[in-house]
Ligand code: COA
């Protein structure tokens, strides 16, 4: 077994910006309240026609391009999301088709805002276990959310917090040391009702009553989630560092789930990490749930906040309740120049191929179904 490395990263956020001032025209709130209580200034909201799958696909293409990996090389796609396109099929299968990743297994993973950390842990183990016989096992791990379709835009206690977007990484085992060093995952279902969507699932399917009572929207007991988060984040980070034989002093950058600036600062204090070792882009995107860590990781790379051989810790918490962390040593060279025109063109060809492939497969299935006599 050889460890999995992050060899590519990409993000996509919708164009549309919703500022705190915009929100103050929709509900009884203010820029001042939102900034001081959360640290958020604005968030992105998906346009009509955009969805979790479409944003996940765009982030995945960028991550594949950064890694120089083709869709046919991908063995596994995991989409961590709490806001899938459908209950059935998995959003990861829609992404697999859109990428033309003909050799990949694909599934969704639901662990609230900790989803990306969970998915990274699962994928890292699968990549490490499947590596061998001269083949580089490759996984695309995506965190993607369209929370704007699940928040109640009349509820000021939740709608100011969330945003939409997607982030992705490509994981590959290449025989060298470093990469994912350790993973810690935790869960406590007794706190499931602190953050949940009451209806629309098998327990309480959609009905006129559930719709009229607005039971398909996120409900949250914010103060209790806050108290849980300030304990869970440092605890998960400590555990994952211990497993890797490291201490907080060894951390070069902590990439926490972007939920609330006060939670990030409390976690930083508990771990004795100076602010420059804590990454935050919460101000611009709000809480994008499972997408927040991969978007943050991607921006940290783009801003030159990560160097080769750095120890990076991703740590999250969320609905479930769940919490978790991943420690990794960043062991791949970082890009020194933007992608070339040729590099971009190559992936445009792959995108075209993926669309044609999907159409042909549908056509062949239709023809076969006509030729089968019942
Ligand atoms: N604008 C203005 N006032 C608001 C408001 C808003 N958007 N939302 C709530 N308030 C009001 C409340 O009604 C309350 O008023 P009251 O004192 O008259 O009852 C007051 O502000 C304080 O509310 P409270 O809930 O105590 O605020 P808080 O300081 O705990 O901050 C959160 C609320 C939600 C920002 C904070 O609890 C939090 O971030 N929790 C964690 C949430 C989270 O991370 N969820 C995602 C998990 S992945």
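The values are calculated or read from the model by the stated rules, or taken from the named source; none is laboratory data. What you see is a predicted model, and the numbers here were worked out from it, not measured in a lab. Please note: Cβ atoms are built from the backbone with ideal geometry, for glycine as well, and neighbour counts cover all protein chains shown.
Taking segment 293-328 as the range and being more than 16 Å from the ligand (Cβ to nearest atom), in a strand (DSSP E or B) and either buried (at least 24 other Cβ atoms within 10 Å of the Cβ) or free of Cβ contacts under 8 Å to residues at least 24 places away in the same chain (or both) as the test, the residues that pass are 313, 326, 327, 328. Of everything in segment 223-240 that is away from the ligand (no atom under 15 Å from the Cβ) and more than 17 Å from residue 274 (Cα to Cα), the residue that is surrounded by the fewest Cβ atoms within 10 Å (Cβ to Cβ) is 235. Taking segment 11-50, which residues are in contact with a helix residue (DSSP H, G or I) (Cβ under 8 Å, 6 or more places away or on another chain), in contact (Cβ under 8 Å) with a residue 12 or more places away in the chain and in a loop (DSSP other than H, G, I, E, B)? Result: 13, 14, 26, 27, 28, 29, 39, 40, 41, 45, 46. Answer yes if at least one residue in segment 52-60 is touching a strand residue (DSSP E or B) at 6+ places or on another chain (Cβ under 6 Å), surrounded by 21 or more Cβ atoms within 10 Å (Cβ to Cβ), farther than 16 Å from residue 258 by Cβ and at pLDDT below 95, and no otherwise. No, segment 52-60 contains no residue that is touching a strand residue (DSSP E or B) at 6+ places or on another chain (Cβ under 6 Å), surrounded by 21 or more Cβ atoms within 10 Å (Cβ to Cβ), farther than 16 Å from residue 258 by Cβ and at pLDDT below 95. Screening 290, 266 for residues that are closer than 16 Å to residue 237 by Cα and either away from the ligand (no atom under 12 Å from the Cβ) or in a helix (DSSP H, G or I) (or both) leaves exactly one candidate, 266. The residues listed here are 82, 67, 72; of these, the one that is under 24 Å from residue 301 (Cβ atoms) and touching a residue at least 24 places away in the same chain (Cβ under 8 Å) is 67.
Of the residues in segment 148-165, how many are within 19 Å of residue 52 (Cβ to Cβ), within 10 Å of the ligand (Cβ to nearest atom) and not in a loop (DSSP other than H, G, I, E, B)? Of the residues in segment 148-165, 3 are within 19 Å of residue 52 (Cβ to Cβ), within 10 Å of the ligand (Cβ to nearest atom) and not in a loop (DSSP other than H, G, I, E, B). The residue list 43, 16 contains one member that is in contact with a strand residue (DSSP E or B) (Cβ under 8 Å, 6 or more places away or on another chain), within 16 Å of the ligand (Cβ to nearest atom) and modelled with pLDDT of 95 or more, which is 43.
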